[in-house]
Amino acid sequence: MTQPPNQPPQGGFGAPQDPRQATPPPPAQPPAPPQPGYGYPQPQPGPYQQQGPYGQPGPYTQPGPYAQQPGPYAAPQPGYGYPQQPPQFPGAPTPPSGGGSKNPFKGKPALAVGAAVAALLVIGGTVYAVSGNGGDKKPVADKSQSAAPSATASTPVNPGDGSGNGGQDPQNLNAGRKAGEDKVLWYKEAPDVPGSGADAAGMWITGRTAVKAAYKQVFAYNVGDGNPTWSPVSFPQKICAVTRQKTADDKVMVAYMSGVSDNAKCNQLQEIDLDSGKKGWSGQVADGALFDSTLTVSLTLSGKTLLVGRSQSGTAYDVTSGRKLWDKQRYGEACFPSAFAGGAKLISVASCGAGGSDEHDEVQELDPATGKARWTRTIPKGWRVARTFSVDPLVLYLTNDDKKSAAISTFKNDGTPRSDVHSKESFAPECPWAILDRDLQGCTGTVADANTLYLPTEAKSGPNAIVAISLDTGKEKWRVKSPADRSMLPLKADGTNLIAYVEPSYGGGGRIVSIATGGSSHGVTGLLQNPSGAAQIESGFFSKAIAYVDGRFYISTTRLTGSKQSKEKLMLAYGK
């Protein structure tokens, strides 16, 4: 059986960083042996343990930012240990594992909470509303469609134009399937990209189509057999941003660069129908005020609203027509909205008072239709919102540069604090390295339902576990150990069950399992057993997007290295 060789790590990953201090990751390193996944034993805390802003002196005392006085949620808790390494946060979510031995972000600490870690407290503060500015100007028509010729991209295994090999399995990944193993439905290789590499962000699954963006194209495959469902959508320049979410009628938004020069902007918008491949409306995003450019943008969907985030503001459009709805601009003395998260709710994070004595972050929930703030939460000075572990209910991951600390804070629907998370555990969700902006929704392995937060523990020796944490108390409700000697990552919750992915080993395929969340018994039921014949290629997705939809499991790369040694992996689908 011939299998594609293992590929080198795809871009640098690590703890949440301040984009003003971040430096680009080094070039990809030579290939390294496949690893069993995230959650490796991490370096032990070094001599930099700090007390928190309100905690008592001690090697690990580090309450979160809102622990202003003792109370049911504000009792000082054991704190975050800080490893003797630059400049990674001690409580940082774990980057995807594997990669070359020189990868500077491999083996960094997990999100640590407890004995050598921190209690995370969120009590106090007031709530007030701030409204955004309206507007009805339609985006400028896209003029860059013919600005540059489309670069030729090599064809994936299934090119998407009807001439590919469909559901065939040229690598014979299903050869020698063992009893109880399910199968690879289809496998796709990636298009050629420049030697410097390229992004492959976005993966969307509908009832009939699996859609994947890579470099300058968007590909579509039939979910069952991998046959192309429509011809690839090509762009004149590289794709630079996509919406993680899709609309209720299965449409997404893609942004691509205006050119290839150093001054090129990520300002060209295009709507795509996932089931037909047809292009909808297009537009060009204008720059904001001074220092508020579109060199990079974020795209967020919430209901019928598309929010395009610049470095210091955002503009909202009606996703069905492209009509401009409103702007989210600077407000107050010096609050610049710099990051957004979407889905069931629309969340804005602003940097306020930069460089002054009152420098801090503020969080708002915005009305998608009007842009008005439904509530505002001020984050104490020194703390920064790095991630949203969940938008509904809202769960924030906060970091503190000065104290080398981190915290998890949960909120009620009106923005008031709900609880702090405290546990004698090190948590290890997978979060990408954010270089130029805050990728609020970039973490995989953080799941929440109405009353419970589910997080994977760090695997220090043997398998890890998934811990269920009460959002009302911040305390552990129960835990389930991985059913295999490999780490397990929560994917989604449906109200009665938690779906999780058990990472593959070098010689054993991954699994999809269901964990009962109600009652006193939390049994694990196997849903899908990936074949061992594809374990090596499955293990080789170092930077990945994963999804379990309608009984099928999908895994795709989010970064292509540009390696010319062999064809790179793009996407795998598993099923019965």
Response to the item:
Accessible-area order for 384, 208, 330, largest to smallest, probe 1.4 angstrom, reads 330, 208, 384
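With a ≥ b ≥ c the root eigenvalues of the C-alpha gyration tensor of the range 390-436, is it rounded (a/c under 1.5), prolate (a/b larger than b/c) or oblate?
The shape class here is prolate.
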Worksheet item: Where a Cα-Cα gap under 26 Å defines reach, which lysines qualify for residue 412, not counting those fewer than 8 residues away within the same chain?
Response: 246, 304, 328, 345, 372, 381, 424, 475, 477, 492
Item to complete: Please report, as a whole percent, how much of the solvent-accessible surface of the range 420-576 comes from carbon and sulfur atoms (probe radius 1.4 Å).
Response: 46 percent
Worksheet, complete the sentence: With the 1.4 Å probe rolled over protein heavy atoms, the range 233-310 has an accessible area per residue in Å² of 39 Å²
Response to the item:
With 0.36 nm assigned to each residue of separation and the Cα-Cα distance removed, residue 516 to residue 279 gains 81.2 nm
Practice prompt. Return the FRET efficiency for the residue pair residue 261, residue 291: r is the Cβ-Cβ distance, R0 is 22 Å, and the value is rounded to the nearest 0.05.
Written response: 0.70
Worksheet, complete the sentence: Quick calc, the range 277-368, dipole around Cα centre from Cβ unit charges on Lys, Arg (+) and Asp, Glu (-), nearest 20 debye, gives 740 debye
Worksheet item: For the range 230-330, what is the charge dipole size about the Cα centre, in debye to the nearest 20, if Lys and Arg each add +1 at the Cβ and Asp and Glu each add -1 at the Cβ?
Response: 120 debye
Worksheet entry | Stretch gain in nm, segment residue 321-residue 564, where the contour uses 0.36 nm per residue and the Cα spacing is subtracted | 83.3 nm
Fill in: Extension gain (nm, one decimal) between residue 358 and residue 370, 0.36 nm per residue minus Cα-Cα
1.4 nm
Worksheet item: Separation of the range 366-411 and the range 546-576 by C-alpha centroid, Å?
Response: 32 Å
Worksheet item: To the nearest 10 square angstrom, what accessible area does residue 414 show with a 1.4 Å probe?
Response: 80 Å²
Fill in: For the range 357-509: rounded, prolate or oblate by the Cα gyration tensor [a/c cutoff 1.5]
prolate
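The values are calculated or read from the model by the stated rules, or taken from the named source; none is laboratory data. All figures in this text were calculated on a predicted structure; none of them were measured in a lab. Cβ sites come from the backbone with ideal geometry, for glycine too, and all protein chains shown count toward neighbours. For accessibility, only protein heavy atoms count, side chains too; no ligands or nucleic acids. Shrake-Rupley method; radii C 1.70, N 1.55, O 1.52, S 1.80 Å.
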